[in-house]
Each structure stands twice: as structure tokens, then as C-alpha cells.
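The values are calculated or read from the model by the stated rules, or taken from the named source; none is laboratory data. Just so we're clear, the structure is a prediction, and the values are computed from it rather than from any experiment. Cβ placement follows ideal geometry from the backbone for every residue including glycine, while neighbour counts extend to all protein chains displayed.
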Amino acid sequence: MATQGVAAERDFAGRDREALLSELARVLPREALLFEPEDARPYECDGLTAYRQLPLAVALPDSEDQVRAILRICASLGVPVVARGAGTSLSGGAMPHKDGVLLSMAKFRHIVRLDPAARIAVVQPGVRNLAISEAAAAHGLYYAPDPSSQIACTIGGNVAENSGGVHCLKYGLTVHNVLRVRAITIEGEVLEIGSHALDSPGYDLLALMNGSEGMLAVITEVTVKLTPKPVVAQVLLAAFDDVNRAGDAVAAVIAAGIIPAGMEMMDQPATRAVEPFAHAGYPLDAQAILLAESDGTPEEVAEEIERIRQVMAGCGATEVRASRDEAERLRFWSGRKAAFPAVGRISPDYYCMDGTIPRKRLAQMLTAIAALEVKYGLRCCNVFHAGDGNLHPLILYDANAPDELDRAEKFGAEILERSVEYGGTITGEHGVGIEKIDQMCSQFSKQELEMFHRVKAAFDPAGLLNPGKAIPTLNRCVEFGRLHVHGGELPHAELPRF
Amino acid sequence: MNAVLQDFQETIREAAAAKRLLRIRGGGSKDFYGGPLEGEILDTTPYAGVVAYEPTELVVSVRAGTPLAELEALLADHGQMLAFEPPHFGAAATIGGALAAGLSGPRRAAAGAARDFVLGARIVDGRGDALAFGGQVMKNVAGYDVSRLMVGAMGTLGLIVEASLKVLPRPAAEASLRFEMPQAAAIATLNRWAGRPLPVSASCWRGGVLAIRLSGARAAVEAAARELGGQRVDRDDGFWRALRDHAHEFFSADTPLWRLSLPSTTPPLDGHGETLIEWGGAQRWVRTSAEGAAVREAAVAAGGSATLFRAREKSCPVFQPLQGPLAKIHRRLKDAFDPAGILNPGRM
């Protein structure tokens, strides 16, 4: 992936580095400004480690005033700014810009206020996702979105990426659980978006901020909604000797009017990878397993689990087991949650995809992936948020083997393009970042991409926040050579060709 | 491409070139809502019908001019519903109008707002370009969330021509409970219940009586009803529908009707006329002839906002005016989507 250039993006080279550092040194204490390569090295990549870039400088502010001052300096010098939380992004959203400032929000780690009566928490952006639930637990409340990286990822990053998790089908994404965002524009102005009421006057800028990948403004405070903790949860494990039958069972559960708290699928390569590692007790002869969770009051859960069991049996499950206690529930989940590290154990490297498709296309997609495994000579394990159609194929490769990374990337790109073709999207919850920016050209038309650029310009007219991410320039799409053409119009007719 | 859609694009292109104002209109049931109506009517009702509906995907794609009642009847046939419970202010109400106005009904505090259920939208912007954002899947973070931005924008950013919505199963069981309770106690009680895993799907306090609706699995509804007590009313759909559609007697008076959106724990705002409370305390309807500025001031002081929802004479702006950098970003967004400023100007 490091092979991929950032051609056709705007050039910020030639900025006055010395002027930038001396200006920043005026507003930040010495230890909050890093510019020697060895100091900046830990910031050169996020969770997408194949892409690395040292920034001009790393700024570690600890107050909103410092953030405003840094942004004003960067705006006046025309220097790009990339905000970073815990750096767990899987799409390179927090990868630094070579001519820019990496703005780490790691010091913003205070829970400002937790109001159990109003069921809200006001938190700084560097607060970890799980820390909110831990703080709310004493009040019988929690923060519902639970991305797999929740022990490490921060709420600022969750808003920037509109993070999901295992329980989105029932409890929603970040966008459904954030009431208010306070953010600073590149011009250093404070935006109060949303409120502690359920809606606010004006356009729904909260919807824009969620999933904006640090392109619109820098978040300095977030108010999240807290949800009452269900009294009990129970999970059902169902085994299938055919992947299609497992897919049908997912549809049948929904058709029965049930919205499970979580519904996950793993194929055989995935269960075989995790079992020796997690000892979850998965049946290894099954072609696919489903995990379906029910939560609520004891009466409600007992009723729902029984209904799901009947649906699964009716769909030809070869085995159905309900967790008998909390320890067994956690054990059933442990395999799913350990899928990524387990795959990391059987393969030197893996590439995690994030396409979402209508669920009815699942079997078709898995067949296509099997064919791509042959085409590219690489193995793939599939874990799948079955309830909402979000696939995480894990393509196994060895970065030290010649051309395997390149094959893995092409394999992944084909999966993404297939996702668009099936009526889905290139990214369900990991974001576009730098990783999937070229596939944006397949999903959106020229006019749609232009509108995205205009939306960005409404917040950031100079285009300094996280440039080169999330939304490709039209030139880039021309170079990439793949365009989504609407109504037979010639794409980008007015642009010079290279 | 569909001829009606092409007509829409052509109409908007021509209007933009001539700087002629357009007024987007579905069933016209919400003509009373928002700023003054200006411009030539662009009627969305010819663009109607369900494009795709697969109950097991929990997604329906529907054209803007489709009557809300027709869409809801189709969903009901499959045991599903629009969980944001959009109000019908007339039989002609369309789904496009419901989304453009962004109004949600009694289930809002429990289930989410109209914007929460929008997965994707096809729009025609103020240039006449047909654009598609989002999609038909639950999780989608490719590009800015323009589909949700359209919700509640009152047609000022573009004409919504089609939307894909997440739908949910209808609850297996419902029951209503009534309690005699003064306003302050009702607000405290609703917030306390909302902090517990109870299946409360709607609430209404008015004139010393608190009504709540329980929805969900039969076992959960029964257990909650037993625990909470009060007077049980089993088939109470009519009451909640009347509340949703403002057919309740409270809404029939002639005094200006304000909608206050407040933090749910806000204590009673005394001295501001007759009050009806919904959404667990977060939405308060107030009938008052008081100065708009005074009503707004009280709402802002409580951390919320006030909308002049219905009034014969609109003596102050309907929506709370925005200030500073937020106002600037709103103007730029309007320019981005509608550079000629022809779509529903003044409506928001």
C-alpha cells in the first residue's frame, strides 16, 4: 500500500517550516511540540500500518485555546492539519501529511460531566470509548456503540469515522448516539453543533460531522447519549453445513420480526483460525456459524431466544446452542472478538476489508471471494456483521513475499467494487481515509464528488484539514481511470487528461 | 431515465437560469409550517411509488411523492413500520414532505428521529443535477452524510426525489398506562424511567395526567405494566395517533403553538401558557400569545430552542435564528447546494 502514491492531490510543498515551528513554539510548551524524526516516528501511521508518513511537526495541545491557536497559525501559513485520536483507524484517516501538522488530541482525556438523570456524558475527544461505559456503569447506563477497538479508540475518532460495532442493528451507529459536538474550524472559530435537546435549529450539521474523517473541523468536546444497560443478555450459536443456509437464516430471523442485539457470521476458515486461539467451542465441521444475541428483561430474552432457536432450526441449522450463563456467553463471543488477532497468528499479515452489501447478496459475495482467492492465490477468512450486511473479509498475505501485498490490495479492491455493484458501499464503518480513496471514484459520480468538495469548503474553504483523504479530487479519479458514469455522460469531460 | 425526474431537473435548471423562485410541495399538508411560501409550485406528487421493498432487508426505497398513508399501509402488511412515527397533518401528506420537514412523532425519544432512519437519498440540487448519496445498507460511511443533511432542511438544499429508509418490525405487544401527576413530578418520573431498561415507546403529559405507551415483546410489556402500575388502557392507538397528528384537543385552540425542544430534565417552564409534554420531557408544546422573544429566551436559557410551529400571524421568525460561525456555514451550504437561491427561499 506504501506503493500507492498520492498523485493528483494538491501540493503543499514549500511551506516555511522554520516559521511554522517558531509560531507553534509560541503557543505550545516545549514538550508539546515534536519535530525531530525520532520523536515524530510513533505518529507516522495509524492502524493501517502499510501507509507511513512523517509530518512536519506533531502538536500535542491540552487546551481548546491551544487548539484554536494552532489552527489559526496553520490557516495563516497554509499548512495542512491532520487530527488524531488513539490512531486505531484502519483506513489511514489519521496518517500524517508530509507538509503538515499532526494534531494529537490524546491529552483531551477528561470526562467533563456525566449526568445520569439526563443520561448524557460530556467528554473530551481523547476519552476512550470503553471508558465512557465504565464511568456510566455505576448508574446502570452505558455508551452503546462498541467498535472492536473500544478499549483503545477514542470518542473523537469514533465521531470522525461514525464508528459502528457489533450491536449497531439494534442500537445504532455513532451518529445515532451523539447529541452534540463542539469543534474548531481551521479559522479557529468555535462551532457548537447540536445540543442536549433531541434536535437543534438549522441544518443537521451533526450528521455531517459524524463520519467526516477530520475534514470539516477539529472536535474538542462531545456529548453522547447513554443507554440503560439491559438486565440480561444471552447468545445463541447456530451451525450450518452450507453458507447459503446460514445467510437465509439471518433473513428469516429478521422476517420473524426479531431484531437481535447482535448477529454475526463466521465462515469455516475463520472459525478454524480462531478456535485453537480462543477455545470458544465452535463446531469446526460447520461451513458457517451464526451468533445471535438477545438482550432485555429475563422474560423478554427467554421468549426471543426461543423464537430465534426455532427459526434457526427451521432453516436447517445442524446444531443450536444457547449460552447457559454469562461465562458461556462471553466464551461464545470470545472467538468472534479474537478473529483479527487469531488471523494475525496464522498469517504474517492480513488486510481487513469493510464493504457492506444488502444481506441477500451474501452468498453471491462469498462465492465471488472464493473465486478471487484462486485468482490471486491468497487465502481469505470471512467475518461478517450479518445483521447489517457489513463484511470483514480478512485477506491473508505476507508482506515479505514479493508482490503479495500488491495482490492483496487488488483482491481487496475487487471486493469493494463488487460491494458497489451489489448495491452496497465500499466502507461500512472503517472510513475511506487514504485506503479506499480510489474506490470512491467507482461509487460516486463527478457531480456527487464535486458536491462533497463544496460541503468541505463550507467548513474549510482553504482545504487544509486532512487534505488528500476521504474524497478524491476529480484529477485523481481521472488518473485512477475508474469513474462512475451516470446516464452515459462522459466523465470529467472538461478536465485535461494526463 | 424517468420522464418526471427529467422534468424536475429541467424545471430547476430553467428556474436557476432565470433566478425564478420554486416552492417544492408534496401533499401540501405542511404549508402552515416554516417561513412564508414563495415561488412557483414544483409538485412532487407525480413522482410516487415504492421502488424497492424487501422486508427481510429492513429497507424500503420510496419516491418522494408517495403518500405517507400508502407507504405505511404497505409496511403494515408485512408487520413493519416507520419507527419515527411521522405526523400526518392531512391525508395527502407525502414521505418526501415528512423527510424535508424532518418531523418525528411520539416514538422519537425511544426509537430515533426521521434522520436516524434515512440510509440514502436521491436529490436534485439547485443546479438541476441528479445526485445520489448514502445507499440501501445500514452501515455506510463513504462520503459525507448528505442524505441526513437533507432531512429537516425544508427543501432549501435540494429536492428529495427518493429515499431509502430503515424500517423496523411492529412491536408484538403494546399497552398504555395513565397516572395522575403534576408536571414537575411527570418530568422527573419520565427521566427516571428512561434511565432503566423499560419498553416505554411514547409519553404525553397534559393537564395533570401522564400517559405512557409500552411496546415490545409481550413478556416485556406485561412485566413493565405490572411494575409501573397506573391505569391500564389496552387499545389506545387512537390516542397516540391523535397526538402524532395534532388531532388532540390541545392542538385545536387558536393561540399560537410553539414547539420547544429542550434537555429532557428541564423543570417546568412556568408562566408560558398551556403545555403538553412529549418525548420523555424533551419536546414541549406550548400555546401562548406571549412575545416570541420571551418564549425563545426561556428555551435558550434551558439549553434548547423554540419553533413557532403554528400561528395565524407569524410575528417573529419561525425557526430560531443562528449566529456567528454557524450562520456562516449555513449560508455557505445553501450556496453549495443552491447557488441561485431558488429552492424554497425563506422557508427556513
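What the table below lists for this structure:
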item	result
Failed criterion for B:Asn344 (all others in (1) touching a strand residue (DSSP E or B) at 6+ places or on another chain (Cβ under 8 Å); (2) within 9 Å of chain A (Cβ to nearest Cβ); (3) more than 27 Å from B:Ala110 (Cβ to Cβ); (4) surrounded by 22 or more Cβ atoms within 10 Å (Cβ to Cβ) hold)	(2)
Qualifying residue in segment B:207-219 (condition: at the interface with another protein chain (Cβ under 8 Å from one of its Cβ atoms) and at pLDDT 95 or above)	no
Residue among A:Asp65, A:Asp39 that alone is under 21 Å from A:Ile186 (Cα atoms), modelled with pLDDT of 95 or more and acidic (Asp, Glu)	A:Asp65
Residue within segment A:406-414 that is closer than 24 Å to B:Ser147 by Cβ and part of a helix (DSSP H, G or I) present	no
In segment A:425-464, residue farthest from the other protein chains (Cβ to nearest Cβ) [restricted to those that are of a type in the set (Gly, Ala, Ser) and under 16 Å from the mean Cα position of the chain (by Cα)]	A:Gly433
Entirely in segment A:183-281, the strands (runs of 3 or more DSSP E) that have 3 or more residues that are more than 9 Å from chain B (Cβ to nearest Cβ) and within 23 Å of B:Gly304 (Cα to Cα)	A:218-225
Residue selected from segment B:106-146 under the condition more than 8 Å from chain A (Cβ to nearest Cβ) and in a helix (DSSP H, G or I), by the criterion surrounded by the most Cβ atoms within 10 Å (Cβ to Cβ)	B:Ala114
Given (1) within 19 Å of A:Gly92 (Cβ to Cβ); (2) away from chain B (no Cβ under 14 Å); (3) among the charged types (D, E, K, R), number of the condition A:Arg407 does not satisfy	(1)
Members of segment A:361-419 found to be within 26 Å of A:Val166 (Cβ to Cβ), of a type in the set (S, T, N, Q) and surrounded by fewer than 19 Cβ atoms within 10 Å (Cβ to Cβ), listed by number	A:Gln364, A:Thr367
Count of segment A:20-75 residues which are without any contact (Cβ under 8 Å) to a residue 12 or more places away in the chain and either of a type in the set (Gly, Ala, Ser) or touching a His at 6+ places or on another chain (Cβ under 9 Å) (or both)	3
Residue list for segment B:29-52, restricted to those being surrounded by fewer than 17 Cβ atoms within 10 Å (Cβ to Cβ), in contact with a strand residue (DSSP E or B) (Cβ under 9 Å, 6 or more places away or on another chain) and not acidic (Asp, Glu)	B:Phe32, B:Leu37, B:Ile41, B:Gly49, B:Val50, B:Val51, B:Ala52
Filtered residues of segment B:90-105 (kept if among the hydrophobic types (A, V, I, L, M, F, W, C) and surrounded by fewer than 24 Cβ atoms within 10 Å (Cβ to Cβ))	B:Ala91, B:Ala92, B:Ala93
Selection within segment B:244-280 - in a loop (DSSP other than H, G, I, E, B) and within 14 Å of chain A (Cβ to nearest Cβ)	B:Leu262, B:Pro263, B:Ser264, B:Thr265, B:Thr266, B:Pro267, B:Leu269
Lone qualifier among A:Asn390, A:Asn382 - being away from chain B (no Cβ under 14 Å) and polar (S, T, N, Q)	A:Asn382
Single condition A:Ala399 does not satisfy, out of (1) part of a loop (DSSP other than H, G, I, E, B); (2) in contact with a Leu (Cβ under 7 Å, 6 or more places away or on another chain); (3) within 30 Å of A:Ala183 (Cα to Cα)	(3)
Single residue of segment A:282-306 satisfying the filter (within 14 Å of chain B (Cβ to nearest Cβ) and aliphatic (A, V, I, L, M)) that is surrounded by the most Cβ atoms within 10 Å (Cβ to Cβ)	A:Val301
Selected residue (criterion: farthest from A:Leu362 (Cα to Cα)) from residues of segment A:421-438 that are in contact (Cβ under 8 Å) with a residue 40 or more places away in the chain and outside any loop (DSSP other than H, G, I, E, B)	A:Asp438
Filtered residues of segment A:149-159 (kept if within 14 Å of chain B (Cβ to nearest Cβ) and within 24 Å of B:Pro197 (Cβ to Cβ))	A:Asn158
Count of segment A:173-182 residues which are at the interface with chain B (Cβ under 7 Å from one of its Cβ atoms) and in a loop (DSSP other than H, G, I, E, B)	1
The one condition in (1) more than 20 Å from the chain's Cα centre (by Cα); (2) at the interface with another protein chain (Cβ under 7 Å from one of its Cβ atoms) that A:Leu169 fails to fulfil	(1)
Selection count, segment B:147-165, where residues are in contact (Cβ under 8 Å) with a residue 60 or more places away in the chain and more than 8 Å from every other protein chain (Cβ to nearest Cβ)	11
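This table checks each residue for (1) at pLDDT below 95; (2) among the hydrophobic types (A, V, I, L, M, F, W, C).
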site	(1), (2)
A:Gly424	yes, no
A:Lys436	yes, no
A:Gln439	yes, no
A:Met451	no, yes
A:Gly463	no, no
